[in-house]
Structure formats: structure tokens, C-alpha cells
Amino acid sequence: MPGKSIHRLKDVLIGLEVHCQLTNLKTKLFCGCSTDYRRDPPNTHVCPVCLGIPGSLPTVNRKAIEDAVVVSLGLDSQVSKTSYFFRKNYYYPDMSKNFQISQYDRAGGIPISRGGGVEIQVNHAHRKIRITRLQLEEDPAKLVHLGPIDSSPYTLVDYNRAGVALLEIVTEPDLHSPTEARIFLQKLRSILEHLGVSDGRFEGSMRCDANISLSGGKRVEVKNISSFKEVERALNFEMTRQQSLLSRGSTVSMETRHWDEARRLTISLRSKEAEHDYRYFPEPDLVPIVVSEEWVKELASTLPELPDSRRDRLVSTYHIPVYDATVLTGVKALADFFEDCVALYSDAKAISNWVIGDLLRWLHEGDLGIDASKITPKALVGMITLIDEGVISGKIAKKVLPEIVRTGRPPREIVEEKDLLRMGSPKEIEGVVNHVFTENPKAVQDALADEKAIHYLVGQVMKATRGRADPELTNQIVKEKLEQLGALG
Ligand SMILES: [Zn+2]
């Protein structure tokens, strides 16, 4: 289709395969190796099972099944009474036994659950993104390349990650833009955080493969998207690449591409293998997974509050706008922080303004999560109380906040140390006003001639006191002094 370069949103179809490590588990999916490997040297959390040594036998981590059921319930997916582990055969150093124990939805395979969805909000409209299936599988090892994958002289393998329980969440191609993909993933992450099964703060704990196709082209799979942040970037690149091929009359062929995070582009890895290349068959070393109705009921009865109902509760309990509540519940830790603050201070809207406004901005600036920052609910409430008491102005508070985020120190201590206490004594302000009048004789003449020019003088006083002078009082003192001068003149 030469000349067709502009694709409408609905012409772009994106489906995601999200891989979430079940980070609340202490041990791997099929062996007793510890999952707390991130700070340890490579290949120190391994055993014959997760190294795939012949003769070793896997046993299933019961808690992993429980987590998978809990997530299924949270996403409204239908839990299978019986499901099976399958072998996905492939030859690659990240899986030393030459197959991955996974699940499959064909050839007699049944995944842990099917169906369900996640509601997202795009430009004020609610949309449901359908879930195809959830499946449990083991995480492959981590490959470490020197520089870009296509020019690295060697590859190192770290098996610490091999065998960690992964939950793969597959969506229907219901997403129509890279932005929607990001919104979906944020929502999904918040749901998993609320369910307490997967913590996105752990490096590499949530990864993603994406399928993207434009009308007139074939489906391309983009692999190696290592974080949710990269998803939008990778999809934008891929969408533009496909658009430009199609607009020149070229074809987009079915293939697998690798997202190169450093160079911010996708590179062709291989033409997409067909499913039969994996020779899926049932894992003979494991029994079927049987989930009884009673077990599902029991887990359903302990299901925690999820982001949507929490949003509604925040609105009805604290009378904050839906927008505020949506932003707050987008990250569990943020909503927790808000509720901890409200327990200490009754003006919920004031808290919400600070949290979703300045606080979020400083957290983004430092690329920090609320729980990685040092700020405590007590410190934020302490700062707001200083404003209420007239000790500092709102303007000064905005200066103090980043310091609290960084150090967690009590706001009063920061204010005193940096000499930011509000200057409320008329005598003190008068001294500064006198000084400003002496330094700016021309501005004084202007203000005498035109009352509007008074702002300049007030501004100079604020500047000299670094914003500490009470603005109303300053205004009043400057006016009085001008009147005196006027009367003399
Ligand atoms: Zn092991």
C-alpha cells in the first residue's frame, strides 16, 4: 500500500505477554533454592534441579500454585480444575536442560486459568483489556552480554534466576497504542502489588514481550523488554519502523526482534519459529495440578482490596476527587502512604495535593519509588502543620520537601538549619524594607508616582529574605513607608 503512512489507532494491534516473578516466594518453582539472589555473586543459588542436571527431579512449590490462583481471581480469570505442566523444548544456554517447564493451551495442555481482564482508563473512557490466559513457568537464566547482543564477543550465564517462579499473563491484542500498553501495565502492576504476590521494585521482576501488527503487515514479536518503562519506548520504535516500511510499499515480515535498550531500537533476531518447533509435550516428571473448588473459595475469601475498589473507597471515605484517588491507587505504596498520612492529619485533600503534586514530581525527578525515598508520613504531615502554624509559607515548604524526600529529616530541623523560618515580626521586615528603599531610589520614585510599581519593591524584600517574609505584612509595611514618603514629599 504505497502512500499509506498514517495509521489510525484501531489499525494498530498490540498484545502483551507479561512475565512476573512471584517475588513473595522464598524458594524457586521446582526446587528449594532461595529466590533472594539479587545481591549475591552469579551461580550461587543453584542445585541439580535448577541447573537441569540429568537425573534430578522437580517438585512443585505449592505456594506458587496458590499465588497463580490468587492472581487469576484478581483478574477475574477462570481457574482450571486441572492443569498441566508442559515441556517447551529449545536449545539455548539460558535453559541448560534444553527445555523450559511451562504450560500450554493446545495439544491437550491446559493453563492454570483462562479469560478475565483488566479495566483501564484512556482519555476518560473505560476499556476492558481481555486476558487470554495465565500460566506458570520457570524463569530462564540470565544471559550477560558485553555491549550490544549482536556484537558481544562472548556471553556469560548466571543461573541464579533459573527456576524462579514466573507467572505469564497473556492478553488479547486489545491494545491500540504504546501509551495504552503502558497504562495497562501500570494497572496490572498495581493489582499484583495489592495482591501481594509480585513486587515490581525488584530489578527484572516484571518483563514483557509484545506482539505488534499494523494493518497490511505481519505480526512482529518484540522480546527483551526488561522493564515496564521500556515498553512504550520499544513499541513506539517498532510502530514507526513498520509504518515506514508499509508507506514505502515494503512488507513487514513475521519475525522476532530484540529490543536494544542502550541503542533504543529493535533488531531482527530470527524469523519467528512456529509453535511446533518447540515440540510441546506434557512434563512426565510432574503430576497434574489439581485445584479444588474449596481451595479456590478459601483463597477468594482472603482476597485483599484491589485498586478499583480502593479508589472508590478513597473517594467515598476521604471525599477526594476520583482523579486523585486514581493516581494514588496506581501504586500501592503511594495509596498506603496517603492513608498513613490521613491517619495523622484530617485534611485529606491537602495531603492528596502534596502527594500527587510536588511529592510525586520529586520522586520522579530522583527516579524513586515512594518506599525507596526517605520521606515518612510523619514528616510530610509535619511539614503541612508548619504551614498551618504560619512557621513557614507554602512556597518555603516546596523548597523543604525535596530535602525531606532525600534525607527523611524532620521538617522543623531542616527549616531551622537553613534559616527558613517565616519572618513574621514587623520590626524585622521593616529593617529589610528600609534597606531595599535605600538601595533602589529609582524604584521608590516610580512607586510614588504609580502604585502598581509597588510590586517591584515587595519583590525585592521577598528576594532579600529568600521568601521568608510574610507577604501580606511586607505589602502593608512597604505601603505605609511609601505613604510617609509621599506625605513628606
Ligand atoms: Zn535449585
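None of the figures in this text is laboratory data; all of them are computed from the coordinates on show. Just so you know, these numbers come straight off a predicted model, no measurement behind them. So basically every Cβ, Gly included, is an ideal-geometry build from the backbone, and we count neighbours across all protein chains shown.
What three numbers, in Å, describe the spread of the alpha carbons of segment 426-488 along their principal axes, ordered from the longest?
Sorted largest first, the three principal extents are 28, 19, 17 Å.
One-quarter of the Cα convex hull surface for segment 309-417, in nm²?
Mean shadow area of the hull around the Cα atoms is 6.2 nm².
How do Trp362, Trp354, Trp295 line up, fewest other C-beta atoms within 10 Å first? Spell out each step's value before the answer.
Values: Trp362 19, Trp354 22, Trp295 14.
With the fewest neighbours first, Trp362, Trp354, Trp295 line up as Trp295, Trp362, Trp354.
Taking Lys398 as the anchor, which lysines have their alpha carbon closer than 30 Å to its alpha carbon, excluding any fewer than eight residues away along the same chain?
Lys187, Lys229, Lys332, Lys349, Lys374, Lys378, Lys418, Lys427, Lys452, Lys463, Lys479
So if the hydrodynamic radius of segment 1-104 is defined as the Kirkwood radius over C-alpha pairs, what does Stokes-Einstein give as its diffusion coefficient at 4 °C and 1.567 mPa s, in µm² per second?
Numbers: Rh = 17.1 Å.
Stokes-Einstein gives a translational diffusion coefficient of 76 µm²/s.
Would you kindly work out the equivalent ellipsoid of segment 213-265 from its C-alpha gyration tensor and give its semi-axes, the square roots of five times the eigenvalues, largest first in whole Å?
Values: eigenvalues 86, 23, 16 Å².
Equivalent ellipsoid semi-axes, largest first: 21, 11, 9 Å.
Could you calculate the FRET efficiency of Asp36 with Lys427 from 1/(1 + (r/R0)^6), where r is the beta carbon distance between them and R0 is 60 Å, rounded to 0.05? Please list the in-between numbers first.
Working: r = 61 Å, r/R0 = 1.02.
My answer for the efficiency is 0.45.
For segment 212-366, just list the percent of Cα-Cα distances falling in each 10 Å bin from zero outward, please.
Binned Cα distances yield the sequence 9, 21, 17, 23, 23, 7, 0.
By counting other Cβ atoms within 10 Å of each Cβ, how are Tyr323, Tyr154 ranked from fewest to most?
Going from least to most buried by this count: Tyr154, Tyr323.
Computed over the Cα atoms, what is the radius of gyration of segment 22-81 divided by 2.2 N^0.38 Å, N being its residue count?
Computed over Cα atoms of segment 22-81, the ratio equals 1.35.
Ignoring everything except DSSP H segments at least 4 long, calculate the 222 nm mean residue ellipticity for the chain; use -39,500 (n - 2.57) per segment, divide by total residues, nearest 500.
Estimated from H runs of four or more residues: -12000 deg cm²/dmol.
Straight-line reach from Lys442: which aspartates and glutamates have Cα under 20 Å away, leaving out those fewer than 8 places along the same chain?
Glu430, Asp450, Glu451, Glu480, Glu483
Compute the distance from the alpha-carbon center of segment 153-187 to that of segment 281-343, in whole Å.
That distance is 21 Å.
Taking the Cβ of each residue in Ser309, Ser352 as the centre, tally the other Cβ atoms inside 10 Å and list the residues starting with the fewest.
Ascending number of Cβ neighbours within 10 Å: Ser309, Ser352.
Enumerate the amide H contacts of Leu269 below 5 Å, restricted to partners 5 or more residues apart or on another chain; note that Pro and chain-start residues carry no placed amide H.
Counting only residues 5 or more places away or on other chains, the set is Thr256, Arg257, His258.
How many Lys pairs in segment 2-152 lie less than 28 angstrom apart by Cα atoms, where the lysines are 8 or more positions apart or on different chains?
Within segment 2-152, the lysine pair count is 19.
Can you work out the FRET efficiency for the pair Asp11 and Gln445, with r the C-beta to C-beta distance and R0 = 51 Å, to the nearest 0.05?
According to the calculation, E is roughly 0.15.
Could you work out, for the chain, what percent of all Cα-Cα pairs fall into each 20 Å distance bin, beginning at 0 Å and stopping at the bin that holds the largest distance?
Percent of pairs per bin, in order: 19, 42, 25, 12, 2, 0.
Largest first and in whole Å, give the semi-axes of segment 9-299's equivalent ellipsoid, each being the square root of 5 times a Cα gyration tensor eigenvalue.
Semi-axes (√(5λ), whole Å): 29, 24, 18.
Please find the FRET efficiency linking Thr179 to Asp312, where r is the Cβ-Cβ separation and R0 is fixed at 22 Å, and quote it to the nearest 0.05.
Values: r = 25 Å, r/R0 = 1.12.
With a Förster radius of 22 Å, E is 0.35.
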